[in-house]
Amino acid sequence: MKLWIIGLGIFFCLVKPGIAEAVELTELMINALADEDFAKREQAADALVDFAAIRLVGTVVKLAEAAKNHPDPEIRKRSDETIRKIYDRYELGVGKADFGWQLGWFLDHDGKTLSSYPMILKTDEGGPAHGAGLRPGNVIIAMDDVDLRGDDSRNQLVKNLAMQSPGVEIRFKIRYNILDYAFQLYNRDKEKTVSISPVPTQRQPDPTAFDKKTFLAWRTRVVTPN
């Protein structure tokens, strides 16, 4: 397969294609996983992972079909490996840039409905988030002036952060809650905007900590959403 497929994939990530065009492009990139050139195979896999940012379900569904039914055993194998890469990036948050934090959910009630914001569970000492003064219990209210409140706030933020590049400054509006050992929150109303420049990621998925049941549950949930 030609390198233009990879460039087309990046272009479509920006313009958000229709369903028919997206399906055709996904199939082209999956077929490129069997290219004789190792670099082109890797580029195709990376393009599929990037494409999942705008079309997660469709990309994983086509890869799952290829992993199960494609006549080429190499494509079956590499399709399965690419699904794992998508899981690592969009579920575990292993992307191109590292912010030095682990994220969870903070339940938020606005007086009418119950929703959530992403909340920092842990920061790596010496990492970008820790250096910006962020600590466990801090709630992320907005990213670049876009409010993050929603039912799936943490996962949406992880998905957005996975597409960021190292060194690019991003503004976050933070509610400076303090989380103590008993998970009690203090200073709820203090808010501040901070800028963080992520560093190149050095974290890799720990194969000894990989939970196959959790991965398969995620894959099933994505492929067959309610």
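The values are calculated or read from the model by the stated rules, or taken from the named source; none is laboratory data. Note that the coordinates shown come from a computational prediction; the quantities given were computed from them, not determined experimentally. We place every Cβ from the backbone using ideal geometry, glycine too, and count neighbours over all the protein chains shown.
Only a single item in (1) polar (S, T, N, Q); (2) more than 14 Å from PRO198 (Cα to Cα); (3) assigned to a loop (DSSP other than H, G, I, E, B) is not met by GLN164, and it is number (2). Looking at segment 88-98, is at least one residue modelled with pLDDT under 90, surrounded by fewer than 21 Cβ atoms within 10 Å (Cβ to Cβ) and in contact with a helix residue (DSSP H, G or I) (Cβ under 6 Å, 6 or more places away or on another chain)? Checked segment 88-98: at least one residue is modelled with pLDDT under 90, surrounded by fewer than 21 Cβ atoms within 10 Å (Cβ to Cβ) and in contact with a helix residue (DSSP H, G or I) (Cβ under 6 Å, 6 or more places away or on another chain). Restricting attention to segment 18-53, the residues that are touching a helix residue (DSSP H, G or I) at 6+ places or on another chain (Cβ under 6 Å), closer than 18 Å to MET163 by Cβ and assigned to a loop (DSSP other than H, G, I, E, B) add up to 1.
Determine, yes or no, whether ALA182 is touching a helix residue (DSSP H, G or I) at 6+ places or on another chain (Cβ under 6 Å) and modelled with pLDDT under 90. Lay out the reasoning, then the answer.
Values: touching a helix residue (DSSP H, G or I) at 6+ places or on another chain (Cβ under 6 Å): no; modelled with pLDDT under 90: yes.
No: the conditions fail for ALA182.
Can you tell me how many residues in segment 149-170 are over 20 Å from VAL94 (Cα atoms) and either surrounded by 19 or more Cβ atoms within 10 Å (Cβ to Cβ) or out of contact with any helix residue (DSSP H, G or I) (no Cβ under 9 Å at 6 or more places or on another chain) (or both)? Full working, then the answer.
Here is the first cut: in segment 149-170, the residues over 20 Å from VAL94 (Cα atoms) are 149-151.
Add one more test, that the residue is either surrounded by 19 or more Cβ atoms within 10 Å (Cβ to Cβ) or out of contact with any helix residue (DSSP H, G or I) (no Cβ under 9 Å at 6 or more places or on another chain) (or both), and what stays is 149, 151.
Count: 2.
Looking at segment 54-75 only, could you name the residues that are of a type in the set (D, E, K, R), farther than 23 Å from ALA162 by Cα and touching a residue at least 24 places away in the same chain (Cβ under 8 Å)? Once the filter is applied, which keeps residues that are of a type in the set (D, E, K, R), farther than 23 Å from ALA162 by Cα and touching a residue at least 24 places away in the same chain (Cβ under 8 Å), segment 54-75 yields ASP72, GLU74.
Can you confirm whether GLY126 is under 15 Å from LYS190 (Cβ atoms) and either touching a residue at least 24 places away in the same chain (Cβ under 8 Å) or part of a loop (DSSP other than H, G, I, E, B) (or both)? Taking the combined requirement at face value, the residue does not satisfy it. Kindly establish whether GLU74 is more than 29 Å from ILE196 (Cβ to Cβ) and exposed (fewer than 15 other Cβ atoms within 10 Å of the Cβ). Yes.
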